[in-house]
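Here the structure comes first, spelled out in structure tokens, and everything after it is commentary.
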Amino acid sequence: FKTELAIQKAKTAKEVEMMELDRKEKITKALAQRSVAKAWVETDKYKAQAASASEKIETSRKQAVAERAKLVETIDAAKEADRNRIIAEGSRDADLLEAQSAKERYKVEAEGKVAINKAANLLSSDQVSMQIKMEIVNQLPQIIRESAKPMENIDGINIMHVDGLTGGSARGGAGGTGGGGNGGGSGNLGEQIVDSALRYKAQAPLVDSLLKQIGVQGGSLKEMTQHLQDDLKIDDDKKSSALALDKISPQEKQQADDAKLNDHHSDENQAEKASEMAMAEATADAVDVHETAPTAENPTTSSDKG
């Protein structure tokens, strides 16, 4: 019985000890959890305090930024107001000065005009006329410039009439020994021939230009009559072809045309050479006659040559 009681006591003591250990362990865990919870509470508290402090800092920063912007805007507005005020005052002063200067200028101009009008009223008619003429002379370059402006639209001028090119009238047609040539037809035959030759040489470029404008080449007699010669040649060829078409063969017809063309060109060349020779001889004779004409210094030259 004692043994069992001892065993029971030992078992009970063991259980009590285990329960005490368990209680202590639970107390330790509870204390630990309490410490952890307290730590979390403290942590959250610190976090809240930190967040509040951060918000306060952000609010303070934004407030400082807003106050700074407000201060800057106030300063800018004050500067703009001062600038506008200064500009307005300057513009007002400038307007006053301009008005005063205009007033003085108009006053001086009015006095000058009055003096000019008084002086003009004292001028004689000759002086007024002279002033008008002087003003016309001063404005003459502008008048000429304006009157010549329509000539800017003229591309060119073509001369279609050459009478009077060498002075006087047209010398009565071909030299005019009557009363219509060169102021009464003075001068002998040699002088008239020389004068005609010189006028021909002087007028040749102008005549050639006028002939070119109407489509006629005036370099020689052959060139001037080239169109007429071509037309006559065509007509002759047509007539010859119509008459001899049934009588001759094509070979004979071609030979006849070639011979006729050669004869035609030969006649033209001979006529042109004869014309040039006649002109040269007439010019030489005219020069000879002009040299042998009697003068006041040598009145016997003409008789000696005769």
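Laboratory data are not the source of any read-out in this text; all were calculated from the coordinates shown. Quantities reported herein were computed from a predicted structural model and do not represent experimental measurements. Because the Cβ atoms are built from the backbone with ideal geometry, glycine has one as well, and the counts that use them run over all protein chains shown.
Observations, loosely collected:
- Derived scalar couplings between HN and Hα for the range 113-119 equal 5, 4, 5, 5, 5, 4, 5 Hz in order, rounded to whole Hz, by the Karplus curve 6.51 cos²θ - 1.76 cosθ + 1.60 (θ = phi - 60°), x for Gly and Pro.
- Cross-link check: pairs K118/K149; K26/K56; K107/K133; K56/K79 evaluated at a Cα-Cα cut-off of 32 Å; pairs beyond the cut-off: K118/K149; K26/K56; K56/K79.
- Each residue of the range 104-112 was assigned a 3J(HN,Hα) from its phi angle through the Karplus curve 6.51 cos²θ - 1.76 cosθ + 1.60 (θ = phi - 60°); the sequence is 5, 5, 5, 5, 5, 4, 5, 5, x Hz, with glycine and proline shown as x.
- ³J(HN,Hα), Karplus 6.51/-1.76/1.60, whole Hz, each residue of the range 87-92, x for Gly, Pro: 4, 4, 5, x, 5, 5
- Listed residues I57, M134, A88: farthest to the positive end of the dipole of the range 1-137 (Cβ charges): I57
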